[in-house]
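Everything below concerns the one structure shown next.
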């Protein structure tokens, strides 16, 4: 069982969050909301990923309410929802595996939702063939249309690519970081992050 701890900036002792306490459940990818609640990914649905014959557990997003300890299931997918982060406008940005009308290898796109799980919708990557996975995307301060994710192919790309992307598709750049320990290669391209 994976546990999640909440650390405090004032140096107080970290507190283990009482998320979903089951030995067969993993809880991870915590995202602290402005009100003190936490959105996190959990394998609690006990669903298997279809493309690997159910051998990997699907994770969905949940919200832990700090005030009373309630836990609410926010996303209900057959595939993963993970890597949540708060956008400057208060919405939650997250990675969603979406197989509806998509080839298998381009199925991980960015979605947003309100912190209560309502208004889930595509944010970036729908109808895109590259990048095909945008992990741990974070907003760029001062520009509501720009974000910075880590990207990798589903199984065939032996590298991580750090992107600075815009939902407008202009002035995008990427930095390739090979797994072999070689220096990162900076690449400038507008077409790689074009939306649509």
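All of the numbers you see were taken from the coordinates with simple rules; none came from a lab. Because the structure is a prediction, the values reported are computed rather than measured. Cβ coordinates were reconstructed from backbone atoms using ideal geometry, including for glycine residues, and neighbour counts include every protein chain displayed.
Find the residue count for the stretch 36-51, including only residues that are in a loop (DSSP other than H, G, I, E, B) and either touching a helix residue (DSSP H, G or I) at 6+ places or on another chain (Cβ under 7 Å) or surrounded by 11 or more Cβ atoms within 10 Å (Cβ to Cβ) (or both). Residues flagged as in a loop (DSSP other than H, G, I, E, B) and either touching a helix residue (DSSP H, G or I) at 6+ places or on another chain (Cβ under 7 Å) or surrounded by 11 or more Cβ atoms within 10 Å (Cβ to Cβ) (or both) within the stretch 36-51 amount to 7. When the stretch 52-65 is filtered for residues that are in contact (Cβ under 8 Å) with a residue 24 or more places away in the chain and surrounded by 15 or more Cβ atoms within 10 Å (Cβ to Cβ), the ones remaining, listed by number, are 57, 59, 61, 62, 63, 64. Scanning the stretch 74-95 for residues that are under 18 Å from residue 26 (Cβ atoms) and assigned to a strand (DSSP E or B) turns up 81, 82, 83, 84, 94, 95.
Looking across the stretch 66-82, just one residue is crowded, with 20+ Cβ neighbours inside 10 Å and over 13 Å from the mean Cα position of the chain (by Cα), and that is 74.
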